[in-house]
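Visitor: Next up is a structure, given as structure tokens.
Laboratory data are not the source of any read-out in this text; all were calculated from the coordinates shown. All figures in this text were calculated on a predicted structure; none of them were measured in a lab. Because the Cβ atoms are built from the backbone with ideal geometry, glycine has one as well, and the counts that use them run over all protein chains shown.
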Amino acid sequence: MKAGLPFSFSWKWLAQLAGFAGLYLALARFGNVAVVAEGNVPMVWPAAGLAVAGLWWGGYRLAPAIALGGFVFAWLNGVPAPVGAAAAFASMLGPVVVVLLMRRYIDAPRLFDRVGDVFLFFLCAAVAPALVDALGVASLCWGGVGKWDDFHRLWLLSWAGDLMGMLIAAPALLVWTWPDNLRWTPRKRIEAAGGFALLTICSALIFTGKLASIGVGFPFLVLPIVVWIAVRLGQRATVSATLLACAFPVWGTLHGMGPFAELDMPLPVLALFMGVMAMTGLVLAASVTERRQAQSALRQSEERFRLLVESAKGYAIYMLDAEGRIATWSAEAERIKGYRSEEIVGKPFRTFFTPEDAHRGVPDQVLRMAREEGQARYEGWRVRKDGSRFCVEGIITAVRDENGALNGFSKVAHDVTDRKQAEEVLRQNEARFRTLAEGLPQLVWTCLPDGRCDYLSPQWVRYTGVPEEQQLGFGWLAQVDPDDRERAAAAWKGAVETHATLDVEFRIRGADGAHRWFKARAVPLRDSEGHVVKWFGTSTDIDDQKRANELLEAKVQERTAQLQASLSSVEELLYTIAHDLRAPNRHMQSFAQLLLLEHADRLDDKARDYLGRIGAAAARSDELIRDLLEYGRLSHEAVALAPVDLRQAVQAVLRAVAGEIQRRNAHVQFGREWPRVVANERLLEQILTNFVTNALTYAPLDREPEITISAESEGGKAVLRVQDNGIGIPPDQIDRVFEPFIRLPNETHAPGTGMGLAIVKKAAERLNGAVGADSTLGKGSCFWLELQAA
Amino acid sequence: MRPVRKQTYTMKTLLFVDDNPNDRFLVEMGCAMAHVSFLLKTVASGVEAIRYLNGEGEFADRVEHPLPDLIFLDLKMPEMDGFQVLRWIRSHPATRVTPLAVYSASIIPEDITKGYSDGANYFITKPSDLTVLIDILRAADKCLAAEPRNDDALVQFSAPAGERS
């Protein structure tokens, strides 16, 4: 506890001063009882010990209390005030100087744990009072309390009193303020009780009892007991025993008992006896403490080392002796190498080496290197007990004693098999990548995350004819066609910044000076945290493809133009048919009629029949042309599709053919469902008209036609059916009815071109639908049309 | 060209434009058989039709070649087709509103649509049957005779306007 400002005023301080002064005065009074009459100089001055202990703990700010206590003591003893003040100052100055020196030279929180500290304490306690007491005695003599003739004796006595007080009282007070360094077991307590009992009995007998008169040698009997306590029972017991061992001779001597009194020995002899005893006790206790601490430190250090060795997973740490034999072993070494401690300790270090290495003398080389250079690093394959091999990386260090003699070697070996294997896998992967990269027809390259190229496959180098090192980084851009360079660089920059797959086409200048098109693709390789660690890219020569595409494109355009030309010529043809080809038929028909009308009287029946046939043939021809025209136009005319109400379409068709229905006395029935369909009204009605007129045409003459028109929708499709009770279609013909110019015989001899169902099929196709027929010969047919439901 | 009837100043005139002599002949015959009361004037091409309507050359005499009250116009003709003639007629002040029937063999929907959108009033498909032709000419006569003009008679022979393609 260091003092703050010693003289800063506070009530607490004042109280401490008063208390300490009281304590000092009390001890001084007690000490004074033990004053030997001569010269009023106390033989032991325990108050000096109290002062030292107090200043050590409480700091210099308690110093005034010592002066105060000393002054009051002197006053109580009748010493004149000025003399008392000087003596009091001296008795304050002594401990202050002692503590000053102690603080300066003893650097330890526990003062008496080290032998060196104990001696330093003695030195401090001896030197300072020697000087200060000279001052004190001088002041006594000057004040007339002492005599100048007696100065040196008084000084000696005063010094001895102070020294003894400090040596005996200060350690006792200080040691008891901090925890004991001994662990008190019951055995120790019994031992302590025995020790103190023996000490008390011996002291009592020697210094006060019968034995006292026998001889001068007996006081030294006490010493072995103090030594015993000091060695065995720690500091507290030691200082207490010293205190006890001093109390008896002082008391005895003062009462004229004991060897010191009877032999009338000079008082310093008693002081010397006590000093030796106190010193012996303290030194011994410190020595034991020191030794115990050293042992404890060693134990801790060894424990730390053991923990270190055992916890270093993957590291075999052990010692070799100077000849290279295993001296120590560890659990981790056992785990790595497979040997148990008892199996391997004493065996030569070369046991771990592969036979090849052992044969080549590698173990000796390693040891020699460690011996000569102090340390050897090595890496290599070793053999476990079970014969399996593993890779180690290690350091072997020569261990020498302070004289430089070789004690052995420390060895730290790390199992790096996993790393080695990982490196091997990595190397294989790298080799695999290279093989792949160099085997591909593409130019392969890799780049760093920032976009700088770090590898170009030999194909690239061969194609460009420029060494790889010139093209790494961004050097490759120089080989890109100047027209594409900016675009390629921008695409690459964009990919690198966004971590997106690169896909860009550009031309690269080849070694032959030709610029060929390449398609560059690159993907980023990411680590487990998603950071890009590498880019892998390929550049594929697409020049031929590109040129072929251009050629193809040109060809397609050419063909399209040709096709369009032929289409427009077809349209032109159809236009001509529509306008011109029908005219001759029309005229034939008209003029045949005109002939009949205007010249009927000049014609006989045969001629009229012929004219009728000419007209009919012309009409048939015109009908055929109209159907062909319709069929042709259906292939390429634009057809607008829209939702159509099926019921309305059916009604419109039935209205158109109402006359024929009536003429044939046909019955028409309807289904219930009329879905809306996607169609073109005109084409739909054309198809329906065909279906209905076919049903009428192919009805046998001997029965009334029955027609059922129904529709249903399912799964986005709508199907319309027209069922008749007609003559039916022969099974071998049913697939042909939708072909152009196919006509089946019928009983009505109704005119037809054979184009009707062909037109129907084409129209259905234009409606994105389908048509078909099911038929039973003699029973009837069912024509159906499937369309998209609206 | 030959007048079927002696012209009178009150007679209405139908101008028939067709390059086919048979069609022209049949129409003339039809008119005779139908006993129509209008004056039929025929020209053999679009170019001639325009010259007629402009009163150029031999058509300068408006007494002999009066402006028509109804025009029958064929579509497919050399030099200038019916559509071109139709556009000319509709852009010409004197004939801008003259009733006009496209009279063609075509049954192609595009032709019908185009005919109407270019300004034709009727689209009549040339009939194969002579009796139908006579009916058409009678309807035309009826239309021309009606005062004010009445379309109904001709409309029934005309393809519906707005025919879908």
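Visitor: If the reach is capped at under 17 angstrom between alpha carbons, list the aspartates and glutamates near A:Lys761, excluding any in the same chain fewer than eight residues apart.
Guide: Answer for A:Lys761, where 17 Å is the Cα cut-off: A:Asp627, A:Glu630, A:Glu637, A:Glu681, A:Glu685, A:Asp735, A:Glu739, A:Asp774, A:Glu786, listed by chain and number.
Visitor: Here's another thing I want to ask about it. What is the set of long-range amide H partners of A:Phe518 at a cut-off below 5 Å, with H atoms built 1.01 Å from backbone N?
Guide: Amide H neighbours of A:Phe518: A:Phe506, A:Arg507, A:Ile508, A:Ile542.
Visitor: Scan around A:Tyr455 for amide H atoms under 5 Å from its own, H built in the peptide plane at 1.01 Å from N, and keep only partners 5 or more places away or cross-chain.
Guide: Answer set, sorted by chain and number: A:Thr446.
Visitor: Continuing with the same structure: Once the Cβ-Cβ distance between A:Arg736 and B:Asn54 is put in as r, and R0 is 51 Å, what FRET efficiency do you end up with, to the nearest 0.05?
Guide: It comes out at approximately 0.30.
Visitor: Work through the residues other than A:Ile229 whose Cβ is under 15 Å from its Cβ and net out their charges, Lys, Arg +1 and Asp, Glu -1.
Guide: Values: positive: A:Arg187, A:Lys188, A:Arg189, A:Arg232, A:Arg236; negative: A:Asp180, A:Glu191.
Around A:Ile229, the charge tally is +3.
Visitor: List the lysines whose Cα sits under 24 Å from the Cα of A:Lys385, skipping any in the same chain fewer than 8 residues away.
Guide: Within the straight-line limit of under 24 Å, A:Lys385 reaches these lysines: A:Lys313, A:Lys337, A:Lys347, A:Lys411, A:Lys420.
Visitor: Right, here's the next one. Please give the length that would be gained between B:Phe25 and B:Gln156 if that part of the chain were fully extended, namely 0.36 nm times their separation in residues minus their C-alpha to C-alpha distance (nm, one decimal). Please list the in-between numbers first.
Guide: Working: separation 131, 0.36 × 131 = 47.16 nm, distance 2.37 nm.
Extra length from B:Phe25 to B:Gln156 when fully extended: 44.8 nm.
Visitor: To continue, here is another question. List the relative contact order of the range A:638-788 as a percent without decimals, with contacts defined as Cα pairs under 8 Å and 6+ residues apart.
Guide: That works out to 25 percent.
Visitor: I'd like the FRET efficiency for A:Glu660 and A:Leu624, computed as 1/(1 + (r/R0)^6) with the beta carbon distance as r and R0 of 22 Å, rounded to 0.05. Before the final figure, lay out each step's value.
Guide: Working: r = 20 Å, r/R0 = 0.93.
Working from the Cβ atoms, E equals 0.60.
Visitor: With a cut-off of at most 11 other beta carbons within 10 Å, and DSSP calling the residue loop, which GluC sites (Glu not before Pro) in the range B:57-148 qualify? Please list them.
Guide: Answer in residue order: B:Glu79.
Visitor: While we're looking at this one, here's another question. Shape call for the range A:422-541 from the C-alpha gyration tensor, a ≥ b ≥ c root eigenvalues: rounded (a/c under 1.5), prolate (a/b greater than b/c) or oblate?
Guide: oblate
Visitor: How far, in nm, would the chain grow between A:Asp512 and A:Ala600 when pulled straight, counting 0.36 nm per residue and subtracting the alpha carbon separation? Could you put the intermediate results ahead of the total?
Guide: Numbers: separation 88, 0.36 × 88 = 31.68 nm, distance 9.41 nm.
Gain on extension, A:Asp512 to A:Ala600, equals 22.3 nm.
Visitor: Now for a different question. Sequence-distant or interchain residues sharing an amide H contact under 5 Å with A:Arg110, placed H: which?
Guide: Here the answer is none, since no amide H 5 or more places off falls under 5 Å of that of A:Arg110.
Visitor: Which longest uninterrupted range of chain A lacks any chymotrypsin sites (Phe, Trp or Tyr not before Pro) assigned by DSSP to a loop state (not H, G, I, E or B) and surrounded by at most 15 other Cβ atoms within 10 Å?
Guide: The reported range is A:185-473.
Visitor: OK, next. Within straight cross-link reach of B:Lys114, meaning Cα distance under 26 Å, which lysines are found once same-chain residues fewer than 8 apart are removed?
Guide: Within the straight-line limit of under 26 Å, B:Lys114 reaches these lysines: A:Lys762, B:Lys41, B:Lys76, B:Lys126.
Visitor: Assuming R0 = 35 Å, what is the FRET efficiency of A:Asp503 and A:Ala312, from their Cβ-Cβ distance, to the nearest 0.05?
Guide: In this case the efficiency is close to 0.10.
Visitor: Now, a different point. Please state the relative contact order of the range A:422-541 as a whole percent: Cα pairs under 8 Å, 6+ residues apart? Show your work: numbers first, answer last.
Guide: On the way: 199 pairs, mean separation 29.3, N = 120.
Rounded, it is 24 percent for the range A:422-541.
Visitor: Using each residue's phi in the range A:578-591, evaluate 6.51 cos²θ - 1.76 cosθ + 1.60 at θ = phi - 60° and report the 3J(HN,Hα) Karplus result to the nearest Hz, with x for Gly and Pro.
Guide: Whole-Hz 3J(HN,Hα) from phi for the range A:578-591: 4, 8, 9, 5, 7, 4, x, 4, 4, 5, 4, 5, 5, 5.
Visitor: Here is a follow-up. In whole Hz and in residue order, list the ³J(HN,Hα) couplings for the range A:13-25 that follow from phi through the Karplus curve 6.51 cos²θ - 1.76 cosθ + 1.60, θ = phi - 60°; x for Gly and Pro.
Guide: Once rounded to whole Hz, the list reads 5, 4, 5, 4, 4, 4, x, 5, 4, x, 4, 4, 4.
Visitor: Could I ask something else about it? Show me, bin by bin at 10 Å from 0, the whole-percent P(r) of the range A:312-415 based on Cα pairs.
Guide: All Cα pairs, binned at 10 Å, distribute as 16, 53, 28, 3, 0 percent.
Visitor: Here is a follow-up. Apply the Kirkwood formula to the range A:548-621: the hydrodynamic radius equals the inverse of the mean of 1/r over all pairs of different alpha-carbon atoms; give it in Å with one decimal. Don't skip to the end; give the middle numbers.
Guide: Values: mean 1/r = 0.0633 Å⁻¹.
Roughly 15.8 Å, rounded to one decimal.
Visitor: For chain B, what class follows from the C-alpha gyration tensor (a ≥ b ≥ c being the square roots of its eigenvalues): rounded when a/c is under 1.5, otherwise prolate if a/b is larger than b/c, else oblate?
Guide: Details: a/c = 1.40, a/b = 1.14, b/c = 1.23.
Rounded, because the longest to shortest axis ratio a/c is under 1.5.
Visitor: May I pose another question? For chain A, what is the calculated [θ] at 222 nm in deg cm²/dmol (nearest 500), taking -39500 (n - 2.57) for each run of four or more DSSP H residues and dividing by its residue count? Walk me through the intermediate numbers first.
Guide: Numbers: 26 runs with 438 residues, N = 790.
Helix-only estimate at 222 nm: -18500 deg cm²/dmol.
Visitor: Let me ask something additional. Would you mind calculating the gained length between A:Asp580 and A:Val269 on full extension (0.36 nm times residue separation, minus the Cα-Cα distance), in nm to one decimal?
Guide: Going from the current span to full extension adds 95.3 nm.
Visitor: Over chain A, what relative contact order in percent results from Cα pairs under 8 Å that are six or more residues apart? Walk me through the numbers before you get to the answer.
Guide: Values: 1205 pairs, mean separation 44.0, N = 790.
RCO, chain A: 6 percent.
Visitor: Taking the simple approach of a point 7 Å from Cα along Cα-to-Cβ for both A:Asn407 and A:Lys493, what is their distance in nm?
Guide: According to this spin-label approximation, the distance is 6.7 nm.
Visitor: Follow-up question, since we're still on this one. Starting at the first residue of the range B:126-134, write each ³J(HN,Hα) from the Karplus equation 6.51 cos²θ - 1.76 cosθ + 1.60 with θ = phi - 60°, in whole Hz, x for Gly and Pro.
Guide: Calculated HN-Hα couplings, in order: 4, x, 7, 8, 4, 5, 5, 4, 4 Hz.
Visitor: Looking at the range A:444-517, which trypsin sites (Lys or Arg not before Pro) are DSSP coil and have at most 15 other C-beta atoms within 10 Å of their C-beta?
Guide: Answer by residue number: A:Arg452.
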